[in-house]
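In what follows, a structure is listed as structure tokens, so that the remarks can point back to it.
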Amino acid sequence: MNRLVNKEFRRIFALQKQTKIAMATNRTFTMIKPDATDAGHTGKIIDRIIDAGFSIKAMKWTKLSLADAQAFYEVHAERPFYGELTEYMSSAPIVAAILEKDNAVADFRTLIGATNPAEAAPGTIRAEFAESIAANAVHGSDSDENAAIEGAFYFSAREMS
Ligand code: CMP
């Protein structure tokens, strides 16, 4: 069911693109992941995000079911790490947020660092807080299109400022 909903988001986004009413390109989507919420790093990570010039347009503390995590990461369904990833993402609370800043997607990915914390540049959020490639503290969208899809997975238009 959730996979169908996710597919529907992608279909709606494609339609919005055609009609040129897509979400603003100065926004990105993030999750503070279970390892970081469990370790009590949420406040420090939010401070780092705000200090880097992002403003918060929507935010919630929530916990994903396994089905939610499978739907969110459906694009990775064929990857060998999909099972590990979705079990981990549903193991403890996460914080989901929509962030705004010029060049948001690229600047946020610079702020968080490489997916594998062993390769993350010093000073990045993952270098400081991540435990492993799976438990890597934060998610950051990889494109404007995915930022809109992922934000819509968690937030209704009414919940975004
Ligand atoms: P994220 O940015 O949330 O998007 C996909 C996630 O898959 C990624 O962060 C990692 O946490 C996870 N991931 C990527 N590669 C691997 C891997 N080799 N093993 C486990 N998890 C991975």
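A few remarks follow.
- Using equal-weight Cα scatterers in the Debye expression, the normalised intensity of the chain in log10 at q = 0.13, 0.15, 0.17, 0.21 Å⁻¹ is -0.58, -0.79, -1.03, -1.57.
- Ser65-Ser132 FRET efficiency (beta carbon distance; Förster radius 25 Å; 0.05 resolution): 0.65
- Using a probe of 1.4 angstrom and keeping all protein chains present, the accessible surface of the chain works out to 51 square angstrom per residue.
- At most 12 other Cβ within 10 Å, DSSP loop - GluC sites (Glu not before Pro), the range 53-149: Glu78
- Of all the options Arg109, Arg79, Arg27, the one that moves most in a Gaussian network model of the chain with Cα springs shorter than 10 angstrom is Arg79.
- For Ile94, residues with placed amide H under 5 Å, excluding near neighbours: Thr62, Lys63, Leu64
- Rolling a 1.4 Å probe over the protein heavy atoms leaves Val105 with an accessible area of roughly 20 Å².
- Extreme residue, positive dipole direction of the chain, given options Phe81, Thr124, Met160 (C-beta unit charges): Met160
- Fully extending the segment from Asp142 to Ser55 would add 29.5 nm, taking 0.36 nm per residue of separation and subtracting the current Cα-Cα distance.
- Placing R0 at 22 angstrom, the Cβ-Cβ distance between His76 and Ala118 gives a FRET efficiency of 0.65 after rounding to 0.05.
- Along the range 113-130 the Karplus relation, 6.51 cos²θ - 1.76 cosθ + 1.60 evaluated at θ = phi - 60°, assigns HN-Hα couplings of x, 4, 3, 8, x, 5, 9, 6, 5, x, x, 6, 4, 5, 4, 7, 10, 6 Hz to successive residues, with x for each Gly and Pro.
- Contact order relative to length of the chain, as percent, for alpha carbon pairs under 8 angstrom and 6 or more apart: 34 percent
- Only lysine pairs 8 or more places apart or on separate chains count here, and in the chain those with Cα atoms under 27 Å apart total 23.
The values are calculated or read from the model by the stated rules, or taken from the named source; none is laboratory data. Source: prediction; values computed, not measured. Cβ coordinates were reconstructed from backbone atoms using ideal geometry, including for glycine residues, and neighbour counts include every protein chain displayed. Heavy atoms of the whole protein, side chains included, go into the accessibility calculation; ligands, DNA and RNA do not. Shrake-Rupley method; radii C 1.70, N 1.55, O 1.52, S 1.80 Å.
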